[in-house]
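The values are calculated or read from the model by the stated rules, or taken from the named source; none is laboratory data. From a predicted model like this one, the values you see are computed outputs, not experimental measurements. Here the Cβ positions follow ideal geometry from the backbone for every residue, glycine too, while neighbour counts run over all protein chains shown. Accessible surface areas use protein heavy atoms only, side chains included; no ligands, DNA or RNA. Shrake-Rupley method; radii C 1.70, N 1.55, O 1.52, S 1.80 Å.
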Amino acid sequence: MNCIPFIETKRLAVKLKPSAEKVVKQGHPWVFEDSIVKQNIEGAAGDLVIVFDNDKNKFLACGLYDPYSPIRIKLIQFKKAAQINEDWFEEKIAKAYELRKPLLVSDTNSYRLLFGENDCLPGVIADIYDKVLVIKLYSHIWFPYFNWIVKHLVTISGSETVVIRLSRSLQTKGEVYGLNDGDVIYGDLTNEVVVFREHGVLFSANVIKGHKTGYFLDHRHNRKMVGELAHNKTVLDVFSYAGGFSVHALCGGAKEVVSLDISEHALLMAQNNASLNAHKGKHEIMVADAFEGLQRLINTKRVFDIVVIDPPSFAKRESEKEKAKNSYARLAKLGSQLVTRNGILVLASCSSRVIAEDFFAISEKNILATGRTYTALEKTTHDIDHPVSFKEGAYLKCGYYRLH
Ligand code: SAH
């Protein structure tokens, strides 16, 4: 399981600007490069950095040095000093697993075992699909510790195969120790398309070529809810990707489901995922830009009992925030016109820059703008395998509205 050669690390000591120090004292895991006012020696990726208090020179936090990112130090341990050794990783991974246990009593064998900063390991994601563990790295800081991480993830999850995925920026900067995106680094992978269960519903993900680690696990609870609402209903799933919501709806007894996405490939995955499960409903796919496709459906006077709109992140940069809000407004308006009387509109957002409060306010204002009234049935965030420990970690929100 030793896929990376031994990498020697140094220990650095830093002090920060008072404003940054305050944020660290509150337990925030990011230190930006321009917040560092004193640093004893030059750092390399993965070096351990101790942050000292300006006043009393005492330990505040420690983290790992990332020369390739404006978030120069990713903090992993606060308040109390600790040895960052194999035991430390074993303990963090065990704690992460413990948090997911309540989910694993359901008929689910796919889950996020590590969610970056939120599980004390910034820039590393570990998703499990049945017996396959997919580790996605977004930062070089983990290479010196990688063998320990893999060992303990495998031990606790019982995975038989490990696939490594590397973010684009990681592949273009710095040393990657001979690893390639999509390498199988442990065990065998007979088929890159892995079948797994989500609350009893079968799905498949391409763990080598799929987006992120192959599938989006964060909406599991929302998909289950849509499945439970869908009996005998007609459902429109906009930005359907591999059919997460569509397939749950079909398995929940929907009469008819339309999956709409701009990517034909995604819709083929959705069809394939639907065919893995026994269901009686009709499944239609629609390749279209969502805004155009929704308008076309409105023009043909088609309506659905349930409309789910779960777009990709519209605000990857701060400068895109206003445009993103505008897109959410347009989608809420378009969606509202496609819901039957007393039907349900489900609106989701995964842009962390648009906070939940703003997203729900935009959604509600624009439902009303179409002349309809609503009852807010439920507002949800991530499923429990996506714990949130800092502000930027909270990206997912989802509102359920009954439209009158
Ligand atoms: N709802 C999905 C996840 C959505 S991911 C789930 O539950 O798993 C975002 C999807 O939006 C991708 O499949 C992408 O192809 C699609 N997409 C991006 N831009 C689009 C557009 N303008 N119109 C329609 N689909 C779009």
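Build a GNM of the chain with springs between Cα atoms under 10 Å: which of 196, 52, 143 gets the top mean-square fluctuation?
In this elastic network of the chain, the residue with the biggest mean-square fluctuation among 196, 52, 143 is 52.
Using amide H atoms built in the peptide plane, which far-off residues or other-chain residues are under 5 Å from residue 40 H to H?
13
At 1.4 Å probe size, with no ligands or nucleic acids counted, give the accessible surface of residue 265 in Å², nearest ten.
120 Å²
Any chance you could run the full-extension gain for residue 318 through residue 94? It's 0.36 nm times the residue separation minus the Cα-Cα distance, nm to one decimal.
Length gained, residue 318 through residue 94: 77.1 nm.
Comparing 204, 167, 363, which has the greatest mean-square fluctuation in the GNM of the chain with Cα pairs linked when under 10 Å apart?
Highest fluctuation among the options: 167.
Efficiency by 1/(1 + (r/R0)^6): what FRET value for residue 173 and residue 33, r their Cβ-Cβ distance, R0 = 22 Å, to the nearest 0.05?
Efficiency, from the Cβ-Cβ distance: 0.95.
Using +1 on the beta carbon of Lys and Arg, -1 on that of Asp and Glu, and nothing else charged, what's the dipole of the chain about the Cα centre, debye to 20?
Approximately 1200 debye in magnitude.
How high is the FRET efficiency between residue 276 and residue 55 when r is their beta carbon distance and R₀ equals 41 Å, given to the nearest 0.05?
After rounding, the FRET efficiency stands at 0.10.
Taking the Cα-to-Cβ direction at residue 404 and at residue 193 and moving 7 Å from each Cα, how far apart do the two end points lie in nm?
So the two model labels end up 4.7 nm from each other.
Could you please state, rounded to a whole Å, how far the C-alpha centre of the stretch 255-308 is from the C-alpha centre of the stretch 84-134?
The stretch 255-308 and the stretch 84-134 have Cα centres spaced 33 Å from each other.
Distances longer than 24 Å among the Cα atoms of the stretch 259-404: what percent of all pairs is that?
Value for the stretch 259-404 (Cα pairs over 24 Å): 37 percent.
So for the stretch 1-57, Kirkwood radius off the Cα pairs, Stokes-Einstein at 20 °C and 1.002 mPa s: how many µm² s⁻¹?
The Stokes-Einstein estimate is 168 µm²/s.
No solvent, one uniform scatterer per C-alpha: report log10 I(q)/I(0) for the stretch 84-148 via the Debye equation at q = 0.24, 0.26 1/Å, two decimals.
These q points yield log10 I(q)/I(0) values of -1.12, -1.26.
Extension gain residue 357-residue 109, at 0.36 nm per residue separation less the Cα-Cα distance, in nm?
86.0 nm
Would you mind calculating the gained length between residue 365 and residue 255 on full extension (0.36 nm times residue separation, minus the Cα-Cα distance), in nm to one decimal?
Answer, rounded to one decimal: 36.5 nm.
Please state the Cα pair-distance histogram of the stretch 200-320 with 10 angstrom bins from zero: what percent is in each bin?
Each 10 Å bin holds this share of Cα pairs: 14, 46, 32, 7, 0.
Using a Gaussian network model of the chain with C-alpha springs under 10 Å, which one of 158, 46, 178 is most mobile by mean-square fluctuation?
The residue that fluctuates most here is 178.
Given 5 Å bins starting at zero, what is the percent of C-alpha pairs of the stretch 78-212 in each, up to the one with the largest pair distance?
2, 10, 20, 23, 21, 14, 7, 3, 1, 0
Can you order the peptides 127-134, 380-387, 322-329 by their average number of other Cβ atoms within 10 Å per residue, highest first?
Going from most to least packed, we get 127-134, 380-387, 322-329.
Share of Cα-Cα pairs in the stretch 264-344 beyond 21 Å, in percent?
43 percent
If you only keep lysine pairs separated by 8 or more in sequence, or across chains, how many in the stretch 217-341 come under 13 Å at the Cα atoms?
7
List every DSSP H helix in the chain whose Cα atoms extend 20 Å or more along the helix's own long axis and whose mean Kyte-Doolittle hydropathy is at least -1.0.
Correct list, ordered by number: 86-104.
For the stretch 1-121, what is the Kirkwood estimate of the hydrodynamic radius, computed as the reciprocal of the mean inverse distance between distinct Cα atoms, to one decimal in Å?
15.8 Å
How many percent of the alpha carbon pairs in the chain exceed a separation of 27 Å?
Above the 27 Å cut-off, the chain has 54 percent of its Cα pairs.
So how much accessible area does residue 78 have, in Å² to the nearest 10, using a 1.4 Å probe?
Counting only protein heavy atoms, the figure is 60 Å².
Quick one: go through the stretch 327-356 and flag any residue whose amide nitrogen is under 17 Å from the point 7 Å out along the Cα-to-Cβ line of residue 377.
Inside the label zone: 335-349.
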